[in-house]
Amino acid sequence: MLIYTIRRLVMAIPTLLFIAFVIFMLLELAPGEGMSDIPLTVPPEVKAEMRRALGLDEPLHIRFGLWLYQFVVVEPLVLIDHLCGTAYSQGQARIISWQSKFPVMDIIVQRMPQTLWVVGMGYVVGVLIALPIGIVSAVRQYSVFDQIGTLISMVGFSVPTFFTGVLLIMIFSVELRWFPAIYNTQLRVNDLDSFLQQVRQMAMPVFVLALYNAAQISRYMRASMLDNLQQDYVRTARAKGMGERTVILRHVLRNSMIPVVTVIALGVPTIFGGAIITEQVFGVNGLGQLLIIAINGNDLPMVQTLTFIFAVLIVLFNLIADVLYGMLDPRIRYD
């Protein structure tokens, strides 16, 4: 397993390099650049100096290599400095946002807690709800519980999150006044009252995201359980006199989790990407909203950095899912 993991990590390097090149080229071919929002009254020599400061006068391959070095070497050092209070990145050239003129990673680190609070909690709650619903629905197929779970899953998956979010705001914020309609990003949790305020303002966006995530994962869980319940090893276990609870939890559930692990693991990077629509509806100042602002403002360094971070997370969690396969099913070997 260790050799397989190392081999996959080594193979991921050219994959990520190719993804980085594609992202860089696609955004370079997009119309506009960092000087597009400069007023026409600015003298040409000042514009030329600003272009040089942003590195826009360099050849394409030089800019790509510099951006890649900054992302792979400098920005991880910046992240370590933020987490540990060190100064490893001091004096290094940074990726600068064209829109705000601040380092990109500093803005991402500032927005990350809001995204993890709301989107991360919504995903965790969705998974915790989806797994037992999928298991019980499969074990009690066509029961009342299964019919209700199917109905809720179809509604949660079919109804768009912007509609669900606006509906909750109309009911619980406008009519009942139970929860705030807009997320307060300036709130700091330092006592019980502020913690309760944080819970209240997180309730609706977390519910919207949890419903959407649970609707998908519970269907995968149910389908996988139903497929394994028809296998020969289940009939053999029952014929040996094993209890139904033991058969379900020890044998069926473990094998059924193999495809579901892929869905859950590949969904984790979406937490860091933010929920763009939900963040816009509730005013959550997270990474999803940051990406939309960067796209609208033609901020290519910010868009490049965010999209490449998402690509790295997808490759990483795909590897984690493959490793978990071998832990869940002893028949899977990576020799």
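Cα centroid separation, region 193-270 to region 301-318: 27 Å. Largest GNM mean-square fluctuation among R52, R63, R219, using the chain with Cα springs under 10 Å: R52. Less than 5 angstrom separates the built amide H of I96 from those of V104, all sequence-distant by 5 or more or on a different chain. Kindly provide the helix-only [θ] at 222 nm of the chain, computed as the sum of -39,500 (n - 2.57) over DSSP H runs of four or more divided by all residues, to the nearest 500 deg cm²/dmol? For the chain, the value works out to -22000 deg cm²/dmol. FRET efficiency for the Q90 to V46 pair, using the beta carbon distance and R₀ = 25 Å, is estimated at 0.30. A quarter of the convex hull surface defined by the alpha-carbon atoms of region 123-242 gives 10.4 nm² as the mean projection. With everything on Cα atoms, drop me the angle between helix 144-158 and the longest principal axis of the chain, reported from 0 to 90° to the nearest 10. Helix 144-158 sits at roughly 20 degrees to that axis.
Between 0 and 90 degrees, the angle of helix 287-296 with respect to the longest Cα principal axis of the chain falls at about 40 degrees.
With respect to the chain, whose longest principal axis is taken over its alpha-carbon atoms, helix 60-69 is tilted by about 60°. R0 = 35 Å: FRET efficiency of R177 with Y142, Cβ-based, nearest 0.05? Taking R0 as 35 Å, the efficiency between R177 and Y142 is 0.25. Just to confirm a number: summing +1 for Lys and Arg and -1 for Asp and Glu over residues other than Q141 whose beta-carbon lies under 15 angstrom from that of Q141, what do you get? Summing Lys/Arg as +1 and Asp/Glu as -1 gives 0. Averaging the sequence gap over all C-alpha pairs within less than 8 Å and six or more residues apart, then dividing by the number of residues, gives the chain a relative contact order of 25 percent.
Listed peptides 299-310, 113-124 appear in the order 299-310, 113-124 once ranked by packing, highest mean of other Cβ atoms within 10 Å at the front.
Dividing the convex hull volume of the alpha carbon atoms of the chain by its residue count gives 195 Å³ per residue.
With each label modelled as a point 7 angstrom along the Cα→C-beta vector, the R254-A203 pair spans 4.2 nm.
Bear in mind that the values in this text are calculations on the coordinates, not laboratory data. Predicted, not measured: the structure shown is a model, and the values here were computed from it. Positions of Cβ are generated from backbone atoms using ideal geometry, with glycine treated the same way; all protein chains shown enter the neighbour counts.
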